[in-house]
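Read-outs: derived from the displayed coordinates by stated rules, not from any lab. Here the structure is a predicted model, which is why all the values come from computation and not from measurement. All Cβ positions, even for glycine, are placed from backbone atoms using ideal geometry, and neighbour counts span all protein chains on display.
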Amino acid sequence: MSEPFSITPADIEAAAQRIEGHVLRTPLVPAPRLSDLTGATVLVKHENMQATASFKERGAVNKLLGLTEAERARGVIAMSAGNHAQAVAYHARRFGIPATIVMPETTPLVKVENTRAHGARVVLYGETLYESAVRARELAQAETLVFVHPYDDAAVMAGQGTIAREMLADAPDLDVLIIPLGGGGLMAGNAIAAKALKPEIELIGVEAELYPSFYNAVNAEDRPIGGATLAEGIAVKTVGEQTLPIVSSLVSDIVLVGEDLIERAVNAYASLQHSLAEGAGAAGLAAMLKEPERYRGRKVGLVLCGGNIDTRLLAAIMVRELEREDRIAAFRLTASDRPGLLGKVASLLGDHGANILEVSHGRLFLDVPAKGVTLDVTVETRGESHTRAIEDALRANGFQPRRIFPRGLAEQDR
């Protein structure tokens, strides 16, 4: 690491001493079920256990505790729509530092209220984080506030780097660290820390496929950037000026993951690791699901960097995963409209071990005889083979089943 990076291993060591007692030293937990899923030996650093459920507290605390008395008295300002906002607001209140957070006007109300609940003054401005950042800079200058950047700040980067320091203290034999990439503060700090402690360790960054900012910058490409992503915490259009040189020099590869893989990873954390992971927090596992052979037989450290996911969204993701696994299946049945029909269908499904989740009648479809009826039935099954057996049983009993997939009716029976 001979290049003149903006932080050094000594900065991270100082940050570790500074933030001790103010943030949780989160556990590095073996994940045997994730290991079975990927073929690697997986250990998970649970940053979702921090007070505000993300790693952002480390950088925020290091920055805030490094302020002079005059700066603390004037106060700080940050721009964020999520975890950085809550981390700065929460610890600024703990340290008696006035905090202002500029958030886009489109920020969900729950995040705005959570930030206000931590005692910060919230300013809603602009449609995007870029516009909020411009406004935050203006207010910082007008009110002589200290600007706390979410990633492009040496103190913030050094604070985040304490994660890898702890991981390698707990598991010195880690072969790979897979770390989500947004603006690069998390990766930059941890790359410096990890390479200082174990030069041969491999560092892999992960971006959402819709936001390949670092991928473009490092590989001189021009992939389109933008769109609705589950991993909004790493949905950054512009990489950091201080983070880019570190990532370019020390990270061996940047992997892009699609929304389906991010969903699978969130679901795997919930169902296999019994942990809440937001989309960005699950990105490292998504990279492993994309290329399991790459990590097979290796010892891999994942950073579950945040767990702030809406519970309704999590529920929807888990149901969608059950549908992908054929453990939830919907059928449209056609039959004569006669008394006892629903009871017959229910008994048939019960005899074959299916759990009925939803039923709806349809009598007005023009492709059904006037004396006919359609019955849409959604059932829970044990998997693909069980679903096919149920479909066969329905067909054998004259119900003419057609599968209904999340995207609509199957074009034809199998």
**OP:** Would you compute, from DSSP H runs of 4+ residues alone, the mean residue ellipticity of the chain at 222 nm, taking -39500 (n - 2.57) per run and dividing by the full residue count, rounded to the nearest 500?
**Re:** -12500 deg cm²/dmol
Original post:
In whole Å, what is the distance between the alpha-carbon centres of the range 241-294 and the range 16-33?
Top reply: 19
Subject >> Shape call, the range 76-144: gyration tensor on alpha carbons, a/c limit 1.5 >> reply: oblate
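With 10 angstrom as the radius, rank Glu321, Glu221 by how many other C-beta atoms surround their C-beta, starting from the fewest.
Glu221, Glu321
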Original post:
Hey, in the GNM for the chain with a 10 angstrom Cα cutoff, which one of His118, His22, His46 fluctuates hardest?
Top reply: His22
**OP:** Can you spot the lysines whose alpha carbon is less than 24 Å from Lys111's alpha carbon? Ignore those fewer than 8 places along the same chain.
**Re:** Lys56, Lys63, Lys237
**OP:** Return Val123, Val247, Val156, Val300 ranked ascending by Cβ neighbour count within 10 Å, so the fewest neighbours appear first.
**Re:** Val123, Val247, Val300, Val156
Subject >> C-alpha long axis of helix 384-396 to longest principal axis of the chain, angle in ° >> reply: 20
Subject >> Inter-part distance where the range 64-99 and the range 132-211 are each reduced to a Cα centre, Å >> reply: 18
**OP:** Decide, for the range 91-227, between rounded, prolate and oblate: order the square roots of the alpha carbon gyration tensor eigenvalues as a ≥ b ≥ c, take rounded if a/c falls under 1.5, and otherwise choose prolate if a/b is larger than b/c, else oblate.
**Re:** oblate
Original post:
Looking at [x] 22.2; [y] 24.7; [z] 23.4, which value of Kirkwood radius over Cα pairs in Å comes from a calculation on the structure shown?
Top reply: [z]
Original post:
What's the angle, to the nearest 10 degrees (0 to 90), between helix 83-94's Cα axis and the longest principal axis of the chain?
Top reply: 50
**OP:** Would you mind checking the tilt of helix 259-272 against the longest principal axis of the Cα atoms of the chain, expressed as 0 to 90 degrees and rounded to 10?
**Re:** 90
Original post:
Do any GluC sites (Glu not before Pro) in the range 40-95 lie in a DSSP loop with no more than 11 other beta carbon atoms within 10 Å, and if so, which?
Top reply: none
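How long are the three semi-axes of the equivalent ellipsoid for the range 208-278, computed from the Cα gyration tensor as the root of 5 times each eigenvalue, in whole Å, largest first?
That gives 25, 14, 10 Å for the three semi-axes.
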